[in-house]
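**Q** Before I ask anything, here is the structure I am working with.
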Amino acid sequence: GHMITATDIAGKMVEYTRTLAAEVGVSDRIEVCHLPLQDVLTGQKKYDLICVHAVMEWLAHPYEILDKLSACLVPGGYVSLTVYNLHRTIFNGLIKGDFYKILEQNFSGESAKSMTPPNPIEPERVLAHLTELGFSVELQAGLRCFYDFITPEVRDKRSYEQILLLERRYRKQSPYRDIARYVHFVGRWNG
């Protein structure tokens, strides 16, 4: 029964979302915009929940999007953010010997079609910024805390359920959360 606004700058994703919404019968409850997120978060509409998952790290000025959130939430509304973790990027680069990327702070992929984002995010900076803006951060958890570090040989000997159980067990704890591929924040707007 929720009313949803979805946005993407990729035309293919916009069409996919519209097609999927029609297939599952929710087209009347979803507005799909072919716009950058920044152009949707203007403050003209207020939301109960805003999800920004794996978006910040692709923006030229990623932390600026945080400033737009409170103006678009109802008091007591929530934001759910998932960010590509800078610390994991550095740690993984060290393990793989990609020292030149780390020294140059150039984290983007080698090709134009790479899915490696150009601006990995500092989780501490997100946490501090959300707090400064008046959010109560109710969750900070890692996603893929150690899955990516498991060798294929070990991964093939373990069940998905075992790996998932351990990911869930340690996802909120430092240092595991701090080297996860993604960090998930849920914040409540106290405005």
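**Q** Taking Arg125 as the residue in question, decide whether it is under 19 Å from the mean Cα position of the chain (by Cα), of a type in the set (Lys, Arg), open to solvent by less than 20 Å² (accessible area, probe 1.4 Å) and under 20 Å from Asp178 (Cα atoms). Please lay out each step first, then the result.
**A** Working: under 19 Å from the mean Cα position of the chain (by Cα): yes; of a type in the set (Lys, Arg): yes; open to solvent by less than 20 Å² (accessible area, probe 1.4 Å): no; under 20 Å from Asp178 (Cα atoms): yes.
No, not satisfied.
**Q** Let me ask something additional. Pull up segment 164-191, narrow it to residues that are aromatic (Phe, Trp, Tyr) and either assigned to a loop (DSSP other than H, G, I, E, B) or closer than 17 Å to Thr89 by Cα (or both), then point me to the one that is most open to solvent (accessible area, probe 1.4 Å).
**A** First, pick out the residues of segment 164-191 that are aromatic (Phe, Trp, Tyr): 170, 176, 182, 185, 189.
After this cut, where a residue has to be either assigned to a loop (DSSP other than H, G, I, E, B) or closer than 17 Å to Thr89 by Cα (or both) as well, the list is 176, 182.
On the way: Tyr176: 94, Tyr182: 55 Å².
Restricting to residues being aromatic (Phe, Trp, Tyr) and either assigned to a loop (DSSP other than H, G, I, E, B) or closer than 17 Å to Thr89 by Cα (or both), the top hit is Tyr176.
**Q** Anything in segment 4-38 that is open to solvent by less than 90 Å² (accessible area, probe 1.4 Å), over 18 Å from the mean Cα position of the chain (by Cα) and among the charged types (D, E, K, R)? List them, or say none.
**A** Hits for segment 4-38 are Arg29, Glu31.
**Q** Let me ask you something else. Is there any pair linking a residue in segment 115-130 that is of a type in the set (D, E, K, R) to one that is part of a helix (DSSP H, G or I) and surrounded by 15 or more Cβ atoms within 10 Å (Cβ to Cβ), with Cβ under 8 Å and at least six apart or on different chains, and which?
**A** Glu122/Leu86; Glu122/His87
**Q** Scan segment 74-91 for residues that are in contact with a helix residue (DSSP H, G or I) (Cβ under 7 Å, 6 or more places away or on another chain), open to solvent by 20 Å² or more (accessible area, probe 1.4 Å) and farther than 11 Å from Phe107 by Cα and jot them down. Break it down into steps so the answer makes sense when it comes.
**A** The initial filter retains those residues of segment 74-91 that are in contact with a helix residue (DSSP H, G or I) (Cβ under 7 Å, 6 or more places away or on another chain), namely 79, 81, 83-85, 87-88, 90-91.
Next, only the ones that are open to solvent by 20 Å² or more (accessible area, probe 1.4 Å) stay: 87, 90-91.
Listed by number, the residues that qualify are His87, Phe91.
**Q** Would you pick out the residues in segment 39-51 that are part of a strand (DSSP E or B), open to solvent by 40 Å² or more (accessible area, probe 1.4 Å) and over 16 Å from Glu138 (Cα atoms)? Step through it out loud before you land on a result.
**A** Initial filter on segment 39-51 (part of a strand (DSSP E or B)): 47-51.
Now drop any that are not open to solvent by 40 Å² or more (accessible area, probe 1.4 Å), which leaves 48-49, 51.
Once the filter is applied, which keeps residues that are part of a strand (DSSP E or B), open to solvent by 40 Å² or more (accessible area, probe 1.4 Å) and over 16 Å from Glu138 (Cα atoms), segment 39-51 yields nothing.
**Q** When segment 138-150 is examined, which residues are found to be closer than 11 Å to Val183 by Cβ, open to solvent by less than 50 Å² (accessible area, probe 1.4 Å) and of a type outside the set (S, T, N, Q)? Even if it seems obvious, please write down each step before you answer.
**A** Taking segment 138-150 and keeping what is closer than 11 Å to Val183 by Cβ, we get 139-145.
If we keep only those that are open to solvent by less than 50 Å² (accessible area, probe 1.4 Å) too, we end up with 139-142, 145.
Residues satisfying the conditions are Leu139, Ala141, Gly142, Cys145.
**Q** Name every residue in segment 92-117 that is farther than 22 Å from Val183 by Cα and either at pLDDT 95 or above or surrounded by fewer than 10 Cβ atoms within 10 Å (Cβ to Cβ) (or both), in order of residue number.
**A** Here is the first cut: in segment 92-117, the residues farther than 22 Å from Val183 by Cα are 97-100, 103-104, 110-113.
Across segment 92-117, the qualifying residues are Gly97, Tyr100, Leu103, Glu104, Glu110, Ser111, Ala112, Lys113.
The values are calculated or read from the model by the stated rules, or taken from the named source; none is laboratory data. None of the values given here were measured: they were computed from a predicted structure. All Cβ positions, even for glycine, are placed from backbone atoms using ideal geometry, and neighbour counts span all protein chains on display. Surface accessibility is based on the protein's heavy atoms, side chains included, excluding ligands, DNA and RNA. Shrake-Rupley method; radii C 1.70, N 1.55, O 1.52, S 1.80 Å.
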